[in-house]
């Protein structure tokens, strides 16, 4: 009996069984193996061997992070404002065996849980809190979804609210509120600037009062700034203080008139002193004459004769 055909057939069956029993899994994949319908364990990555002829079956599970887009949800906040919110959930399979055994479709289940959780958290928050504390809202939603998916072998790594769509009426109201707040800040800043400027102006006025030349320097600086604007006409008022030194300085003609006046006053004073009687308050009259001509007249000093003595001489005593 020729055994060659039998051996060849057995070899072909063995090679076929061997090829169908080998599996290659990537680094991010795991294989959940069932032997005759009973869970054994998760295998991989790399080359794994399964019992042939359908004795062992394998289901591949991807362990990479999945980005799940949550459709826009119509919700009502705690302060009765209607919103439309959408978000994205990042999750991964942490336990392949539980993700296969515990739930039928972990992707769909995670999506539904994320939608309901998002609506529930937003319904418990006010609009201002939702807009100002979005990071905290994201963390609360993530913790709730992660707690719900933990029995399924799913780990939620992050939740991000992408967009919050407000009604047009609410947008206009918020725009008015923001504009009013900006105007209030602008007025406060302008008032503080005026107060600080007035304080500095008072100090500048005190300095210019002590040093009038500083006012002239400031005036010239203002003229330079005006000229830099390429104006066709520039008014250049000249302060009279600039010409005060020239007005106070006497000219040659004024000197001559002054000397002539002093000479005439000196001659008149001397003649008045000569014609003065010996009696009377001669010292007072001389002092007045000297004061009138600026002390330039030098008359011989004579002792005043007492009035009582002159009266005695008139009586012949």
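The values are calculated or read from the model by the stated rules, or taken from the named source; none is laboratory data. Bear in mind that the values here come from a model prediction, so they are computed numbers and not experimental data. Cβ placement follows ideal geometry from the backbone for every residue including glycine, while neighbour counts extend to all protein chains displayed.
Among the residues of the range 33-40, is there at least one that is surrounded by 15 or more Cβ atoms within 10 Å (Cβ to Cβ) and under 30 Å from residue 85 (Cβ atoms)? Looking for residues that are surrounded by 15 or more Cβ atoms within 10 Å (Cβ to Cβ) and under 30 Å from residue 85 (Cβ atoms), one finds none in the range 33-40, hence no.
Results for (1) modelled with pLDDT under 75; (2) on the phi > 0 side of the Ramachandran plot; (3) outside the structural domain of residue 128 (by TED's automatic domain parsing); (4) exposed (fewer than 11 other Cβ atoms within 10 Å of the Cβ), shown as yes or no for each residue.
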| position | (1), (2), (3), (4) |
| --- | --- |
| 204 | no, no, yes, no |
| 218 | no, no, yes, no |
| 223 | yes, no, yes, no |
| 236 | yes, no, yes, yes |
| 284 | yes, no, yes, yes |
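A count restricted to the range 62-86 and to residues that are within 30 Å of residue 167 (Cβ to Cβ), in contact with a strand residue (DSSP E or B) (Cβ under 7 Å, 6 or more places away or on another chain) and in a loop (DSSP other than H, G, I, E, B) stands at 1.
Quick one: in the range 38-87, of everything that is over 30 Å from residue 129 (Cβ atoms) and without any contact (Cβ under 8 Å) to a residue 12 or more places away in the chain, which residue is nearest to the chain's Cα centre (by Cα)?
38
I'd like to check something: does the range 12-32 contain any residue that is in contact with a strand residue (DSSP E or B) (Cβ under 7 Å, 6 or more places away or on another chain), surrounded by fewer than 18 Cβ atoms within 10 Å (Cβ to Cβ) and in contact (Cβ under 8 Å) with a residue 60 or more places away in the chain? Looking through the range 12-32, none of the residues is in contact with a strand residue (DSSP E or B) (Cβ under 7 Å, 6 or more places away or on another chain), surrounded by fewer than 18 Cβ atoms within 10 Å (Cβ to Cβ) and in contact (Cβ under 8 Å) with a residue 60 or more places away in the chain.
Residues that are outside any loop (DSSP other than H, G, I, E, B), farther than 27 Å from residue 128 by Cβ and not assigned by TED's automatic domain parsing to the domain that holds residue 73: does the range 167-186 have at least one? No, every residue in the range 167-186 fails to be outside any loop (DSSP other than H, G, I, E, B), farther than 27 Å from residue 128 by Cβ and not assigned by TED's automatic domain parsing to the domain that holds residue 73. If you go through the range 1-26 and keep only what is part of a helix (DSSP H, G or I) and within 30 Å of residue 62 (Cβ to Cβ), you end up with 16, 17, 18, 19, 20, 21.
Within the range 87-107, can one find any residue that is in a helix (DSSP H, G or I), at pLDDT 90 or above and surrounded by fewer than 16 Cβ atoms within 10 Å (Cβ to Cβ)? Yes, there is a match, as at least one residue in the range 87-107 is in a helix (DSSP H, G or I), at pLDDT 90 or above and surrounded by fewer than 16 Cβ atoms within 10 Å (Cβ to Cβ). Evaluating residue 52 against the criteria (1) in contact with a helix residue (DSSP H, G or I) (Cβ under 6 Å, 6 or more places away or on another chain); (2) in the same structural domain as residue 147 (by TED's automatic domain parsing); (3) not in a strand (DSSP E or B) leaves one unmet condition, (2). Picking from residues in the range 140-162 that are touching a residue at least 12 places away in the same chain (Cβ under 8 Å) and surrounded by fewer than 14 Cβ atoms within 10 Å (Cβ to Cβ), the one that is farthest from residue 68 (Cα to Cα) is 151.
Looking at 114, 51, just one residue is touching a strand residue (DSSP E or B) at 6+ places or on another chain (Cβ under 8 Å) and surrounded by fewer than 16 Cβ atoms within 10 Å (Cβ to Cβ), and that residue is 51.
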